[in-house]
Amino acid sequence: MSVKMINPVTPPYRFEEYGHIISPLSAEDGGGYMITFPDLPGCMSDGETLEEALANGRDAFNSWIAAHVDMGRRIVAPTHYDEEGKPVKFVQRLPRSLHTSLQVRAKAEGVSLNTLVLALIAEGLGRREGGVQVDPGKKAA
């Protein structure tokens, strides 16, 4: 068996631009959480905690991108759900104490505040929906 070394690449789109789903794994599947990327078929990972699943998901994302570039395959653009194909801006007022807590955690994890908040929202949605993907393009009933 031979092993091919694949060089890291700079992704054409950032990790944060791709939607991902974090869902709990059953005890039969070993517990923990699984992360998948609907726009990137076969790109997935898992972890014992939400944070570990997200960190492992970032590693899987980078590996998936590098492998596809190495094979000469096209990297699909992240799916956006507004009419113009631009990232959607979301503005929310926060109490200072919550903002400070988020800033401290983002710094401790070595990520931006936006990245942390996006991850927390995605994790919360995954938990609330039982890991079932919700199509953001559909209007709520």
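Residue selection: GLY130 satisfies the criterion of being on the phi > 0 side of the Ramachandran plot and modelled with pLDDT under 80. Counting only residues that are more than 18 Å from ARG73 (Cβ to Cβ), out of contact with any helix residue (DSSP H, G or I) (no Cβ under 6 Å at 6 or more places or on another chain) and touching a residue at least 60 places away in the same chain (Cβ under 8 Å), the stretch 21-60 holds 2 of them. Restricting ALA66, ALA60, ALA122, ALA53 to residues that are over 19 Å from PRO8 (Cα atoms), assigned to a helix (DSSP H, G or I) and at pLDDT 80 or above narrows the list to ALA53. In the stretch 91-103, the residues that are at pLDDT 90 or above reach residues that are assigned to a loop (DSSP other than H, G, I, E, B) with C-beta atoms within less than 8 angstrom, at least six apart or across chains, in these pairs: LEU102/LEU94.
Here the stretch 1-31 is the region considered, the condition is being outside any helix (DSSP H, G or I) and under 22 Å from ALA108 (Cα atoms), and the residue that is modelled with the highest pLDDT is ARG14.
The values are calculated or read from the model by the stated rules, or taken from the named source; none is laboratory data. Predicted model only: the values in this text are computed from it and were never measured. Every residue, glycine among them, receives a Cβ derived from its backbone with ideal geometry; neighbour counts consider all protein chains shown.
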